[in-house]
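Rule-based calculations on the coordinates, nothing more; no lab input. A quick note: this is a predicted structure, and the numbers were derived from the prediction, not measured. Ideal geometry is used to build each Cβ from the backbone, glycine not excepted, and the neighbour counts take in all protein chains shown.
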Amino acid sequence: MSFIDVQSKTTITGFSAAGEATILAAMKTAYDGSAIAKAMFDSWISVPGHVITINFVKNDARGYFNTGKVNLDLDYVNQVLYIDDNGTAVKHTTVTVLVHELVHALTGREDDGVLYDSDPITDYRGAAVTYSNTIYRELGLPEQNAYIAQDVIDGKDDILALGFQYTKGAAIDRSVVRDSDWDSSHADPSNDLLIGGAGSNTLKSGDGNDFLYGNGAGYVNSGGKDADRLEGGPITSFHITLFVPNIRHYTECFVKC
C-alpha cells in the first residue's frame, strides 16, 4: 500500500482547502516517516468498509475508539503544550495530535492509566500515549512524558510556559500538570516533575530526584531519600514538609519566592 491508498479512504470535512492540505500533509509525514504509523494506517484501511473521517469541531481534538473518526480544530491544536522526557514544555503539532487521536480511532488504544484506573498508581502515560510515542520516536519528535502533563495555552489559567525547562534538562520518569493536589510517592522510586497551578496545591513526591514547581501558594511534602528541587513562579509561596527517613521525623519551613 501507499499513502495514496490512505488518502483515497479519508474524508475531511469542515476545513478550508489550506486546512485540509495541512491535515493530509501531517498524515503523510507520519505514514512516510514511521513504519509503525504506516502499519497502523494500512491495517485499518485493509478491512472492507473501513474509512478515516476527520471532522472540524471547534476547540476539540478527539479520536473515537475503533471507528476511524476524529474531531479536530487546527487552531486548538496550536494551543496545546506537553512535557517531554527531559522536563521541557513543547508544543503539540498537527502531526503529534493527529497521530495520538488516530491511535484512538484506528487501534482502539485508550487514555488509560491514572485517570482511567487501568493502573491508578504508576501509569501516567496510558496505552495511547505509549503507542504514540513509538511513532514520535521514529519521526524524531519529542516524546510525551505523561498524558496528565499537558496544558491548553489560551490566556485562561495557563500553567505551562512554552520552551521552559522545568528540570533544566534532567530526565524524568513521570510528570503531572494541574491546578490541584497530587501525590506521586506511590510510584517510588521515580524521578518526578509535579507542576501546580495558581491555586493552593498540595504536591507530594517520594523517593527519586524530583522537581516540584509552584505557580501560586502551595503545600509541598517531599519525602524519600534522594535529591529534590523546589521552584516557584512569580509571587509563589510554599509550606514545605520534608521527611528525613534516617531519623524518622518531619522538618517544616515556609518560603516565599
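Before moving on, here are some points about what is shown:
- Between the residues Leu72, Gly14, Gly87, the greatest Cα displacement towards the positive end of the dipole of the range 1-105, with unit charges on the Cβ of Lys, Arg, Asp and Glu, is found for Gly14.
- Per-residue HN-Hα couplings for the range 34-39 [Karplus 6.51, -1.76, 1.60; θ = phi - 60°; Hz; x = Gly/Pro]: 9, 5, 5, 5, 4, 4
- Cut-off under 5 Å, modelled amide H: who pairs with Asp85 long-range: Glu143, Asn145
- The phi-based Karplus calculation (6.51 cos²θ - 1.76 cosθ + 1.60; θ = phi - 60°) puts the 3J(HN,Hα) values of the range 78-91 at 6, 9, 9, 10, 9, 8, 8, 6, 10, x, 9, 7, 10, 8 Hz, whole numbers, x for Gly and Pro.
- For peptides 207-215, 137-145, sequence by mean Cβ density within 10 Å, most packed first: 207-215, 137-145
- Distance violations [Cα-Cα > 31 Å] among Lys28/Lys168; Lys38/Lys204; Lys58/Lys204; Lys9/Lys156; Lys168/Lys204: Lys28/Lys168; Lys38/Lys204; Lys58/Lys204; Lys9/Lys156
- Neighbour net charge for Lys91 - beta-carbon separation under 11 angstrom, K R +1, D E -1: -2
- Qualifying trypsin sites (Lys or Arg not before Pro) in the range 57-95, DSSP loop, other Cβ atoms within 10 Å at most 14: Lys58
- Residues in the range 191-202 carry Karplus couplings, in order, of 8, 10, 10, 10, 10, x, x, 6, x, 8, 9, 9 Hz; the curve used is 6.51 cos²θ - 1.76 cosθ + 1.60 with θ = phi - 60°, and Gly or Pro positions show x.
- Alpha carbon centroid spacing (whole Å) that separates the range 134-152 from the range 27-43: 17 Å
- Positive minus negative residues near Ala171 (Lys, Arg vs Asp, Glu; Cβ under 12 Å): -3
- Cα-centre dipole for the range 23-109 with unit charges at Cβ (Lys and Arg positive, Asp and Glu negative), debye to 20: 180 debye
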